[in-house]
Amino acid sequence: MMNSAKIALFASACVASAACVPATSSQSPETPPAAATPSQPSVGAPYKAVGTEPFWALQITGSQMTFQPVEGAATVATIASARPSFNGWRYSSDTVSVDVTFTQCNDGMSDIVYKDTVTVLVGTTEYRGCGGGAVTPGASLANSAWQIVSVNGQDVYNPMGRGPLLVRFGADRVSAATGCNGIGGNYVSGEGWLYAPTLISTMMACEPRLMAQEQAIGAALSGHQTIRVGAEGAMILGGEGSEIALIRAGDCPECAEMVGSPAMQGLTLTGDWDIHQIGDASVTLDRPYRLNFADGQMTGFAGCNRIFGGYAMENGTLTFGSIGATRMACAGQGGADERRVLNIIRDPLTYRFISADSVIVANAEGGFILSRVGD
């Protein structure tokens with residue numbers, strides 16, 4: 001029976017693992033591993049790496065390495081030696097040494113997988129993290145349609161025969177057929193990632209197997225998802241218990257009509273905004289996580305310290321300059337939330353106004369929702 005008054009909210013179930021995932025070798029058994037010399041990863045562009053617990057960031061540009069902990073001053077070192085190491089590359093200086101190993105790595109706080117495993121030694125302190133950028137297969141999702149071909153490794157269950165289970169992406173709205181109900185909501189995406197903070201669905205009661213399939217599809221599409229490539233170019237979303245495989249069903253010109261947000265022309269972030277959701281989780285501390293934007297400068301609070309820095313908005317991209325922060329150490333949820341926010345805003349973000357008073361921002365590192373603070 002249909003009950004249009006009932007709404008179901010889906011949140012993604014992300015399983016974060018600190019373990020690094022070995023990369024699949026493309027060498028044939030006849031080619032000895034030593035025959036290939038690893039190429040230097042930083043050639044042609046700055047090399048970046050990040051770590052968590054505690055948060056840190058590393059950038060290698062030319063002959064210089066800059067290591068920035070979450071608290072305290074950055075350590076800047078001139079590279080004295082850069083040479084291949086076992087399955088990777090090693091950079092050395094008097095104060096900092098970096099080992100980049102070409103095995104995929106999980107950052108321990110999300111389901112994002114990076115190209116490399118990175119170990120940094122600053123003085124006598126060792127830091128472990130990931131680098132080389134997120135593994136980002138896939139293409140633009142705007143105005144495209146995708147057919148769900150499997151759910152948790154099983155063929156789709158479609159006894160009601162309502163046509164293929166399609167996921168349609170407009171410019172800022174996504175909708176999906178699940179075999180029972182339809183689900184949809186706002187999203188932003190970039191190369192290799194998708195962020196749909198909250199999807200809603202009218203709730204029609206179906207048999208248990210269909211309802212379980214619907215829950216898995218909703219979880220795979222919700223929250224911050226890394227897009228992975230499966231067999232024959234399939235797009236893989238979700239994780240254990242909620243993984244779906246989709247094949248591109250073609251362009252979707254009619255998806256351009258799926259517009260949920262107003263035109264972005266003329267809308268700015270000037271003023272006060274609360275962060276009320278980070279990734280898939282709502283902010284739970286009593287003190288608001290509030291950011292102020294004015295005259296190209298951002299100041300605010302995201303769980304622990306006062307943070308500040310410059311920003312720019314252009315063509316749907318929000319970019320922050322160097323971010324500074326006071327130096328109070330915070331344990332618990334507030335400190336963890338701040339580390340996640342700082343990690344996200346270090347790289348350019350895609351933004352979409354859901355309304356004049358609500359904005360989704362996200363990139364490959366994660367995302368959050370901003371709500372304008374009323375007068």
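Let's see how each residue does on (1) surrounded by 20 or more Cβ atoms within 10 Å (Cβ to Cβ); (2) at positive phi; (3) at pLDDT 95 or above; (4) of a type in the set (Lys, Arg):
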position: Gln104; (1), (2), (3), (4): no, no, no, no
position: Ile112; (1), (2), (3), (4): yes, no, no, no
position: Val120; (1), (2), (3), (4): yes, no, yes, no
position: Asn152; (1), (2), (3), (4): no, yes, yes, no
position: Arg162; (1), (2), (3), (4): no, no, no, yes
position: Asp172; (1), (2), (3), (4): yes, no, no, no
position: Gly190; (1), (2), (3), (4): yes, no, no, no
- [ ] Among the residues of the stretch 273-292, write down those that are at pLDDT 95 or above and more than 28 Å from Leu199 (Cβ to Cβ).
- [x] Asn292
TODO: Keeping to the stretch 215-262, report how many residues are under 30 Å from Val341 (Cα atoms), modelled with pLDDT of 85 or more and open to solvent by 30 Å² or more (accessible area, probe 1.4 Å).
DONE: 5
Task: Restricting the stretch 74-86 to residues that are part of a loop (DSSP other than H, G, I, E, B) and open to solvent by less than 60 Å² (accessible area, probe 1.4 Å), the residue that is modelled with the highest pLDDT - done: Ile79
Open item on the list: Which pairs turn up if I take residues in the stretch 271-290 that are within 21 Å of Glu365 (Cβ to Cβ) and look for partners that are at pLDDT below 85 and open to solvent by 20 Å² or more (accessible area, probe 1.4 Å) with beta carbon separation below 6 Å, at least 6 apart in sequence or on another chain?
Closed with: Asp280/Ala11
Open item on the list: Which pairs turn up if I take residues in the stretch 307-332 that are more than 17 Å from Ile275 (Cβ to Cβ) and in contact (Cβ under 8 Å) with a residue 24 or more places away in the chain and look for partners that are open to solvent by 40 Å² or more (accessible area, probe 1.4 Å) and of a type in the set (Gly, Ala, Ser) with beta carbon separation below 6 Å, at least 6 apart in sequence or on another chain?
Closed with: Thr319/Ala312
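The values are calculated or read from the model by the stated rules, or taken from the named source; none is laboratory data. Remember, predicted model here, so these are calculated numbers, not experimental data. Note that each Cβ is placed from the backbone with ideal geometry, even for glycine, and that neighbours are counted across all protein chains shown. Only protein heavy atoms, including side chains, enter the accessible area calculation; ligands, DNA and RNA are left aside. Shrake-Rupley method; radii C 1.70, N 1.55, O 1.52, S 1.80 Å.
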